[in-house]
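All of the numbers you see were taken from the coordinates with simple rules; none came from a lab. Only a predicted model underlies this, so the values are computations on that prediction, with no experimental measurement involved. In this analysis, Cβ positions are derived from the backbone assuming ideal geometry, glycine residues included, and neighbour counts consider all displayed protein chains.
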Amino acid sequence: TTQSLLQWIRFAYGRADVLPDAEAPKLEAAVRPHLRRLHRLVRRAGKDFERMDVASRHRTRKRLKRLRYGAEFFAALWPAQAWTAYQLRLRQAQEALGALQDVEVAEPLYREQAEYDPRAWFVVGWLAARRDALIGDAARALRAVGRAPKFLR
């Protein structure tokens, strides 16, 4: 098992010569449905992102991370140029969701701190305003992930 995993890793990093020719189509057929499903869920979340609660947004972020890292791991299976553009959109969406997550974690902590230190209310207000802007940025980034590349359809 370990040797097989190491072969897949070498293959994912451009060493296609280590993967027997007969195995690549099998791997592609096994990977495609999983990536397609994650893509569909992320894309659908982009349409409703502004209306989601914090837990749903976090769930979307975790799905996006699985999609991005899966896409990176298996990138050698598909055409490099189109895959690179797709990965760029995934990375931008993940960064947007990460910035939002940081604000959503910090805001309750500063609300708690404001009970003891009234100066913390300034930070709470700033974070709330920033959160609203970041929600819009994240929704746009998720929508930019857009249609699945041809090779995922």
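Net charge near Ala120: determine it from the other residues with C-beta under 10 Å of the C-beta of Ala120, scoring Lys and Arg +1 and Asp and Glu -1.
Local charge sum for Ala120: -1.
Among Gln101, Thr84, Pro118, pick out the residue whose Cα is farthest towards the positive end of the charge dipole of the stretch 81-128, where Lys and Arg carry +1 and Asp and Glu carry -1 on C-beta, about the Cα centre.
Looking along the dipole axis, the top candidate is Thr84.
Within 11 Å, Cβ to Cβ, of Arg131, how many net charges do the neighbouring residues add up to if Lys/Arg are +1 and Asp/Glu are -1?
-3
In whole Hz and in residue order, list the ³J(HN,Hα) couplings for the stretch 34-46 that follow from phi through the Karplus curve 6.51 cos²θ - 1.76 cosθ + 1.60, θ = phi - 60°; x for Gly and Pro.
5, 5, 4, 4, 4, 4, 4, 5, 5, 4, 4, 5, x
May I ask for the net charge around Lys150, where only other residues with Cβ less than 12 Å from the Cβ of Lys150 are counted and Lys, Arg are +1 while Asp, Glu are -1?
The answer is +4.
What list of ³J(HN,Hα) couplings, whole Hz, do you get for the stretch 106-111 from phi and the Karplus terms 6.51, -1.76, 1.60, once you set θ to phi - 60° and write x for glycine and proline?
Result, ordered by residue: 6, 4, x, 5, 6, 4 Hz.
For the pair Ala133/Ala120, report the inter-label distance in nm, with labels modelled 7 Å from Cα in the Cβ direction.
With each label placed 7 Å out from Cα toward Cβ, I get 2.4 nm.
State, in angstrom, two size descriptors of the stretch 102-148 derived from its alpha carbons: Rg to one decimal place and Dmax to the nearest whole number.
14.3, 49
Quick one, can you get me the convex hull of the C-alpha atoms of the stretch 70-153 expressed as volume per residue in Å³?
In the stretch 70-153, the Cα hull volume divided by residue count equals 88 Å³.
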